[in-house]
Amino acid sequence: MTVIVHHLNNSRSQRILWLLEYLEIDYEIKHYQRDPITQQAPLSLAQVHPLGKSPVITHDGIVVAETGAIIEYLIDNFRKVDLTPKTKENNLQYKYWLHFAEGSAMTDLLVSLFTRGFKTPERDALMDRVVKPHLKNIFGFIENHLKDKEWFAGDFSGADIAMSFPIEAFLTGKIVDVETANMEKWLKKVHAMKSYQTALEKGGPYIYAKQ
Ligand SMILES: N[C@@H](CCC(=O)N[C@@H](CS)C(=O)NCC(=O)O)C(=O)O
């Protein structure tokens, strides 16, 4: 059965389209548009999954939400190209970065993004004392990880797909001063991939691919 991707414009769900293109899996896109003022997803997405967030996919009567879980589901169920590293060490790295993408990398980025319209002394203090040091630490760590590696976990894997969104979002905003040469080099390779470009054409507006 065809996979249906419930895809919100300008969102994390772009990664799932990329993965589907890379794996050459048959899929359909159901498009959802953010509210232009609040940037929230339309209520219709909550009919697919109670949280009403994207990405979410439906396949064979199953609903799968949460980027990392969707990536694992698609790689496990459609083994056309294996995107799971084989060595124990690379497999651990793969799992680490798959979870890190949403678990660690996005947290402080979201605080920064969600509060950027509130120019108050309290927001400035929160940014200076907590969020910016965290972002420096996290993205400095990613930058350092990529210094002698082509991809996040050995060969190209689902971890690279998961990490694309936080890196694109970070490089788009660049709210802290940190070295980015290795992340930029990695992202250039990602953006040159045919599967990434096709997914971009099919997904519609995506402001984070413009570095
Ligand atoms: N950790 C979740 C985050 C899902 C999420 O927050 N998605 C955003 C799009 S980037 C969303 O749906 N926002 C609209 C809303 O919350 O109304 C995942 O990776 O699937």
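Miscellaneous remarks
- Rounded to the nearest 10 Å², the accessible area of PHE114 at probe 1.4 Å: 140
- Distant-in-sequence amide H partners of LYS30 (H built 1.01 Å from N, under 5 Å): VAL5, HIS6, HIS7
- DSSP bridge pairs, the chain: antiparallel proportion in percent, nearest 5: 55
- Calculated FRET value between LYS30 and THR107, using beta carbons and R₀ = 35 Å, to 0.05: 0.80
- Carbon plus sulfur fraction of accessible area for the range 1-143, probe 1.4 Å, in percent: 56
- Using θ = phi - 60° and Karplus 6.51 cos²θ - 1.76 cosθ + 1.60, couplings along the range 176-193 (whole Hz; Gly, Pro as x): 10, 8, 8, 4, 10, 4, 6, 5, 5, 5, 4, 5, 4, 5, 4, 5, 7, 6
- What the Cα convex hull of the chain gives, in volume per residue, is 122 Å³.
- ³J(HN,Hα) computed for each position of the range 145-160 - Karplus, 6.51 cos²θ - 1.76 cosθ + 1.60, integer Hz, glycine/proline x: 4, 7, 5, 10, 10, 6, 9, 5, 9, x, 6, 3, 8, x, 5, 5
- Once you reduce the range 95-121 and the range 1-77 to the center of their Cα atoms, the two points are 20 Å from each other.
- FRET efficiency estimate (nearest 0.05) - Cβ-Cβ, ASN137 to LYS185, R0 25 angstrom: 0.75
- Whole-Hz ³J(HN,Hα) from phi, Karplus 6.51 cos²θ - 1.76 cosθ + 1.60, for the range 82-96, glycine and proline x: 7, 9, 10, x, 8, 6, 4, 5, 5, 5, 5, 4, 4, 5, 4
- Rolling a 1.4 Å probe across the protein heavy atoms gives the range 98-211 an accessible surface of 51 Å² per residue.
- Sparse-neighbourhood loop sites, trypsin sites (Lys or Arg not before Pro) in the range 59-150 - DSSP loop, at most 16 other Cβ within 10 angstrom: ARG79, LYS80, LYS86, ARG116, LYS119, LYS149
- Chain lengthening between LYS149 and ARG79 when straightened (0.36 nm per residue, less Cα-Cα): 22.7 nm
The values are calculated or read from the model by the stated rules, or taken from the named source; none is laboratory data. Computed from a predicted structure; not experimentally measured. So basically every Cβ, Gly included, is an ideal-geometry build from the backbone, and we count neighbours across all protein chains shown. Each accessible area value is taken on the protein alone, full model and side chains, heavy atoms only, with ligands, DNA and RNA left out. Shrake-Rupley method; radii C 1.70, N 1.55, O 1.52, S 1.80 Å.
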